[in-house]
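Below is one structure, written out as structure tokens, with a few remarks after it.
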Amino acid sequence: MQQSPFTEEKVELCVLNWLANSGYHLIRRNWQHCQDNVDIIATRANRLHFIGITTKKYPDTGLSCQGMTRKKILSILQASQQYLKCNPQWKEAVVDVLTVTLIREEPADCVLTRNIQMTY
């Protein structure tokens with residue numbers, strides 16, 4: 001979804017606040033390997049979380065995770081595999097999709113929509 005830089009900044013702040021309030025500890029933002037990337041890498045309860053961020057406008061009746069394309073999910077999975085190769089101390093990792101609902105270009109709510117567990 002195309003957004004103004006101002007809206008993107010507000011979404012990012014909303015996500016970071018939501019993560020902190022939900023007990024996540026930020027490790028990296030916008031981690032990239034080759035052309036694959038993951039929006040946020042964080043930890044919670046000794047588990048590594050790779051988090052993809054998507055937005056939807058209210059009142060959108062679709063599912064929250066529909067904003068996450070197959071290409072974006074594949075990119076997150078490939079980037080997360082590379083991160084784990086570089087950081088083998090993590091034995092448990094999950095891939096999450098966090099959806100931010102926008103009302104009139106203002107972030108209104110964050111919802112964790114997917115939790116795919118990967119064990120190594």
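In the set (1) under 15 Å from VAL97 (Cα atoms); (2) hydrophobic (A, V, I, L, M, F, W, C); (3) exposed (fewer than 14 other Cβ atoms within 10 Å of the Cβ), the condition left unmet by VAL15 is number (3). When segment 86-120 is filtered for residues that are under 25 Å from GLU9 (Cβ atoms), modelled with pLDDT of 85 or more and of a type in the set (D, E, K, R), only ASP96 remains. Only a single item in (1) closer than 21 Å to GLU105 by Cβ; (2) modelled with pLDDT of 95 or more is not met by TYR83, and it is number (1). Counting only strands (runs of 3 or more DSSP E) that sit completely within segment 1-64, those holding 1 or more residues that are in contact with a Ser or Thr (Cβ under 7 Å, 6 or more places away or on another chain) and at pLDDT below 90 correspond to 47-57.
The values are calculated or read from the model by the stated rules, or taken from the named source; none is laboratory data. Remember, predicted model here, so these are calculated numbers, not experimental data. In this analysis, Cβ positions are derived from the backbone assuming ideal geometry, glycine residues included, and neighbour counts consider all displayed protein chains.
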